[in-house]
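I'd like to ask some things about the structure below.
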Amino acid sequence: MDSIVVTGGNRLNGVIPISGAKNATLPLMIASLLSSEPLILENVPHLADVESLVRILTNHGVDYRVEGKRKQPNGCDGRTIHFSADDIVDTTAPYELVSKMRASFWVIGPLLARMHEATVSLPGGCAIGQRPVDLFIDSLAALGADIKVENGYVIANAPGGLVGATYAFPKVSVGATHVALMAATLAKGTTVLENAAREPEVTDLANCLVGMGARISGIGTSTLTIEGVEELYGYRHRVLPDRIETGTYAMAVAMTGGDVFLKGAEPGLLQSALDTLVEAGVTIEPKNDGIRVARNGAALKPVNVSTDPYPGFPTDLQAQFMGLMTMADGVSDIQETIFENRFMHVQELARLGANISVDGNTATVTGVKTLTGAEVMATDLRASVSLVIAGLVAEGKTTVSRVYHLDRGFERLEEKLSRCGAVIERVSG
Ligand code: UD1
């Protein structure tokens with residue numbers, strides 16, 4: 001298994017190109033199942049999760065073609081991929097494919113909407129809490145699907161097709177919103193989704209669906225109204241920039257000090273995280289084509305944060321922010337309100353010398369003067385990158401093992417950081 005070895009101590013200076021968003025790419029790829037015409041996605045990042053989903057989609061009968069390399073406006077090497085679900089030959093998503101990545105469960109929505117049936121294994125993915133699927137099942141049942149769970153599979157049927165309805169999510173869920181939204185586009189009549197997730201990735205999906213011929217209003221708000229249509233058509237859509245990658249590199253620069261331009265980043269996608277960094281004493285300068293992040297000499301101030309659904313502070317940046325606060329000049333409280341078990345990075349950060357105590361869903365971080373390199377283990381996607389961030393300032397060598405977690409969500413991490421002066425390399429083993 002590969003590891004990443006970081007030797008701490010260097011400031012980051014230069015340019016980091018921001019890739020297309022993983023969390024937008026996955027639902028967009030799944031949306032290709034809704035039409036017999038091709039969906040062409042630009043700015044698709046090279047990530048293990050994208051490859052896993054390709055395997056799932058091709059198993060349903062989706063054809064997949066990558067366009068040759070083109071010059072990208074922001075210097076990224078995002079690919080343009082054609083997904084063509086002309087003929088869906090299989091409506092089952094098996095355990096061996098779905099268990100690798102939770103988002104693959106989301107195929108249930110489009111399959112049910114277009115084929116009126118789907119059999120999908122209960123999902124796997126990062127081990128960050130219970131992550132049930134009740135909201136998916138309830139919202140699809142509200143649209144008229146008959147659903148049962150048997151032998152680890154969710155079996156859904158709607159022989160006459162889905163029928164529009166009003167459904168209020170009892171809790172904000174990004175995944176369940178993606179699925180109900182996709183399903184409703186082909187349902188008969190009007191669907192109203194209340195308390196829908198407003199994450200930019202939901203908006204990106206909704207905009208793409210509208211381009212494919214869906215009728216959706218309320219995009220960007222928590223009430224989505226969908227007038228079902230007979231069919232959807234081909235479309236070409238550019239994936240929005242990755243706000244979590246943006247925030248992660250911003251925190252890395254905040255940690256090491258230095259001056260980096262995050263090219264292609266859109267500040268509006270992560271305003272709450274950027275405001276938090278400004279409070280911590282970091283310079284954030286939005287530009288036309290990216291964001292400048294700098295910290296030169298100033299001490300890091302402790303800031304309390306609580307994760308929240310968008311536009312709040314994202315749970316996907318909680319681990320990285322905790323990494324940053326380990327070196328702040330004082331005490332900060334970090335509260336996790338989305339997932340009940342998303343503090344697995346605490347004990348690994350402690351191996352580097354961080355001082356963190358956990359009480360329920362709140363971690364109290366007392367800043368230390370120095371961290372020291374150690375062997376640590378990546379436990380989930382975002383937790384693992386927080387260890388890399390801490391390693392960038394830790395004295396000596398930090399070895400992060402199990403980096404397959406990182407490869408699920410960060411494109412060319414070592415290359416992007418080393419080009420800005422970090423001493424970081426991948427060691428195969
Ligand atoms: C997505 C993101 C993930 C991010 C999360 C929250 C992708 C691929 N993943 O995950 O990176 O951390 O949003 O912003 O885009 N819940 C239920 N029942 C359900 C579904 C969810 O109780 O049926 C709960 C979850 O346990 C959790 C909360 O709702 O406590 C939010 O989860 P959800 O928004 O669904 O997360 P994901 O869509 O899995």
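The values are calculated or read from the model by the stated rules, or taken from the named source; none is laboratory data. For clarity, every value in this text was computed on a predicted model and none was experimentally measured. Using ideal geometry, Cβ is built from the backbone for each residue, glycine included, and neighbour counts are taken over all protein chains shown. Just so you know, the surface numbers come from the protein's heavy atoms only, side chains and all, with ligands and any DNA or RNA stripped out. Shrake-Rupley method; radii C 1.70, N 1.55, O 1.52, S 1.80 Å.
Over the stretch 22-238, with the other protein chains present, what is the accessible area per residue in square angstrom, probe 1.4 angstrom?
38
Please give, to one decimal in nm, the separation of the simple spin-label points placed at LYS188 and ASP146, each 7 Å out from Cα toward the Cβ.
Each label point is offset 7 Å from its Cα along the Cβ direction, giving 1.6 nm.
A further question follows. Between ASP2 and ILE88, what FRET efficiency comes out of the Förster formula 1/(1 + (r/R0)^6) with R0 = 41 Å and r the beta carbon distance, rounded to 0.05?
Using R0 = 41 Å, I get an efficiency of 0.70.
Give me the distance in nm between label points sitting 7 Å out from Cα along the Cα-to-Cβ direction at VAL66 and SER217, one decimal.
Placing both labels 7 Å along Cα→Cβ, they lie 4.3 nm apart.
I would also like to ask the following. What shape does the stretch 327-397 take by its C-alpha gyration tensor, where a ≥ b ≥ c are the square roots of the eigenvalues and a/c under 1.5 counts as rounded, a/b above b/c as prolate, and the rest as oblate?
Values: a/c = 2.26, a/b = 1.27, b/c = 1.78.
Verdict is oblate for the stretch 327-397.
Out of all DSSP beta bridges with both ends in the stretch 22-238, state the antiparallel percent to the nearest 5.
The antiparallel fraction comes to roughly 70 percent.
Amide H to amide H under 5 Å from ARG236: which residues, 5+ apart in sequence or cross-chain, H placed 1.01 Å off N in plane?
Amide H neighbours of ARG236, under 5 Å, 5+ apart: ILE40.
Oh, and also: Using modelled backbone amide H atoms (1.01 Å from N, in-plane), which distant-in-sequence or interchain residues come within less than 5 Å of MET377's amide H?
SER401
Computing the accessible area with a 1.4 Å probe over protein heavy atoms, can you report the carbon and sulfur percentage for the stretch 330-397? Walk me through the intermediate numbers first.
Numbers: 1270 of 2740 Å².
Here it works out to 46 percent.
If you don't mind, there's one more thing I want to ask. Collect residues whose amide H, placed 1.01 Å from N in the peptide plane, falls under 5 Å from the amide H of ILE16; neighbours closer than 5 in sequence don't count.
Close amide H contacts, sequence-distant or interchain: PHE261, LEU262, LYS263.
Which shape class applies to the stretch 285-429: rounded if a/c is under 1.5, otherwise prolate when a/b exceeds b/c and oblate if not, where a ≥ b ≥ c are the square roots of the Cα gyration tensor eigenvalues?
Values: a/c = 1.25, a/b = 1.14, b/c = 1.10.
In terms of gyration-tensor shape, rounded.
Cα gyration tensor of the stretch 22-238, axes a ≥ b ≥ c as square roots of the eigenvalues: rounded (a/c below 1.5), prolate (a/b > b/c) or oblate?
Cα axes put the stretch 22-238 in the rounded bin.
Would you list which lysines come within 30 Å of LYS100, measuring only between C-alpha atoms, while excluding same-chain residues fewer than 8 positions from it?
Partners found: LYS22, LYS69, LYS148, LYS171, LYS416.
Identify all aspartates and glutamates with a Cα-Cα distance to LYS287 below 19 Å; exclude those on the same chain that are fewer than 8 residues away in sequence.
ASP242, GLU245, ASP259, GLU266, ASP275
Further question: May I ask you to compute the full-extension gain from SER36 to ASN296, defined as 0.36 nm times their residue separation minus their alpha-carbon distance, rounded to one decimal in nm?
88.2 nm
Taking only protein heavy atoms into account and a 1.4 Å probe, give the accessible area per residue of the stretch 335-416 in Å².
Working: 3170 Å² over 82 residues.
Accessible area per residue: 39 Å².
Return the loop-located trypsin sites (Lys or Arg not before Pro) in the stretch 1-78 (DSSP other than H, G, I, E, B) with at most 10 other Cβ atoms within 10 Å of their own Cβ; answer none if there are none.
LYS69, LYS71
A further question follows. Considering only DSSP beta bridges where both residues belong to the chain, give the percentage that are antiparallel (nearest 5).
Roughly 70 percent of the beta bridges in the chain run antiparallel, per DSSP.
A follow-up question, please. With runs of 4+ DSSP H residues as the only contributors, calculate the mean residue ellipticity of the chain at 222 nm using -39,500 (n - 2.57) per run, divided by the residue total and rounded to the nearest 500.
For the chain, the value works out to -8500 deg cm²/dmol.
Okay, next question. May I ask for the distance between the Cα centers of the stretch 48-64 and the stretch 298-347, given as a whole number of Å?
Cα centroid of the stretch 48-64 versus Cα centroid of the stretch 298-347: 34 Å apart.
For the chain, calculate the relative contact order in percent as a whole number, restricting contacts to Cα pairs under 8 Å that are 6 or more residues apart.
21
For LYS369, list the lysines whose Cα falls under 19 Å from its own Cα; do not include residues on the same chain fewer than 8 positions away.
In chain and number order, the partners are LYS301, LYS397.
At 1.4 Å probe size, put LEU162, LEU97 in order of accessible surface, largest to smallest.
LEU97, LEU162
Once Rh is set to the Kirkwood radius over Cα pairs, what Stokes-Einstein translational diffusion coefficient, in µm²/s, holds for the chain at a temperature of 10 °C and a viscosity of 1.306 mPa s?
72
Hey, what do the phi angles of the stretch 36-53 turn into as Karplus ³J(HN,Hα) couplings, whole Hz, using 6.51/-1.76/1.60 and θ = phi - 60°, x for Gly and Pro?
Working through the residues one at a time gives 7, 9, x, 9, 10, 10, 9, 6, 7, x, 7, 9, 4, 5, 5, 5, 4, 5 Hz.
In whole percent, how big is the carbon plus sulfur part of the accessible area of the stretch 22-238, probe 1.4 Å, protein atoms only?
48
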